[in-house]
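The values are calculated or read from the model by the stated rules, or taken from the named source; none is laboratory data. Remember, it's a predicted structure, so these values are computed and weren't measured experimentally. Neighbour counts run over all protein chains shown; Cβ positions are idealised from the backbone, glycine included. Just so you know, the surface numbers come from the protein's heavy atoms only, side chains and all, with ligands and any DNA or RNA stripped out. Shrake-Rupley method; radii C 1.70, N 1.55, O 1.52, S 1.80 Å.
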There are 2 protein chains.
Amino acid sequence: MGITKSEIFTVEQNQLAQFAKAFSHPARVAILQYLFKTKSCVCGSLVDEIGLAQATISQHLKELKNLGLIQGTVEGTSVCYCINPTVWEEMKTVLSSFLNQDTDVADDTCC
Amino acid sequence: MGITKSEIFTVEQNQLAQFAKAFSHPARVAILQYLFKTKSCVCGSLVDEIGLAQATISQHLKELKNLGLIQGTVEGTSVCYCINPTVWEEMKTVLSSFLNQDTDVADDTCC
DNA sequence: TTGTTATATTGCAATATTACGATGAATCAA
DNA sequence: TTGATTCATCGTAATATTGCAATATAACAA
């Protein structure tokens, strides 16, 4: 049905999935990487950097903004975006504890 | 258009996005967590554990299997699934280096 | 063989996502 | 004011995802 049954999962599972969804698209990965690289905020240079239409980039930025991962302030005619370090760290914590689950099945990989 | 323009992104960006997509849905998060918890492989008990139809669980398992994150072997009438430690570690490496990008914007959060 | 159990696959419906052109709103320069 | 620039939003089209019922397949037990 295309609709996720989030009610049947825990808050943690839903949060984890939401964070993962943030960079489950290469364009958003590229945006975040560029924001990290240029540290000082970036605006529409993303449109040149990434080969997507301005409307498309704006849409991806909106998703990242909604999650709180980035923030933007109007700077004259342009908008300056940058990483929100607080939320990024929070995400890192949530995802790391998931990724670092023990894989120590010794050698007896059962399957 | 619903179709991702993966050609315009690097192999790394696409791979990162693919790994992230693996657990961008709470059901797949729950499946992976359960597989970690029960270590010894698990089959259709996932259907009881998670409140989704058998067909739906099977579909999610297929996606995880396609990515290589899990593997399954036929065990009589049932199928035993477990984490593929090698691929999991590979994913951990890829995602960690992305997550651990420096947030040291000092305090001058530009935006 | 027949029935049972466990899983995969198929087909379908509902919703979500990706992408872009066109348009709107805001700011600044002349 | 007018025009140019930058970004957001709207509308739309194409495709993807999620979910399930029904059915198929495979292995075993009797």
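Out of curiosity, is A:Val11 touching a strand residue (DSSP E or B) at 6+ places or on another chain (Cβ under 9 Å) and loosely packed, with under 14 Cβ neighbours inside 10 Å? For A:Val11, the condition - touching a strand residue (DSSP E or B) at 6+ places or on another chain (Cβ under 9 Å) and loosely packed, with under 14 Cβ neighbours inside 10 Å - is not met.
Answer with yes or no whether B:Leu32 is in contact (Cβ under 8 Å) with a residue 24 or more places away in the chain and either more than 10 Å from chain A (Cβ to nearest Cβ) or surrounded by fewer than 16 Cβ atoms within 10 Å (Cβ to Cβ) (or both). The answer is no for B:Leu32.
Of all positions in segment A:1-9, at least one carries a residue that is part of a loop (DSSP other than H, G, I, E, B) and more than 8 Å from DNA strand D (Cβ to nearest atom). Taken together, the residues in segment A:41-70 that are within 12 Å of the chain's Cα centre (by Cα) and either within 9 Å of chain B (Cβ to nearest Cβ) or open to solvent by 40 Å² or more (accessible area, probe 1.4 Å) (or both) amount to 6.
In summary, helices (runs of 4 or more DSSP H) completely within segment A:29-99 and bearing 2 or more residues that are within 12 Å of DNA strand D (Cβ to nearest atom) and of a type in the set (D, E, K, R) occur at A:45-49, A:54-67.
Within segment A:1-40, the residues that satisfy the criterion of being touching a Phe, Trp or Tyr at 6+ places or on another chain (Cβ under 7 Å) and more than 18 Å from A:Asn66 (Cβ to Cβ) are A:Pro26, A:Ala30. State the number of residues belonging to segment A:51-66 that are away from DNA strand C (no atom under 11 Å from the Cβ) and out of contact with any Phe, Trp or Tyr (no Cβ under 7 Å at 6 or more places or on another chain). The qualifying residues number 1.
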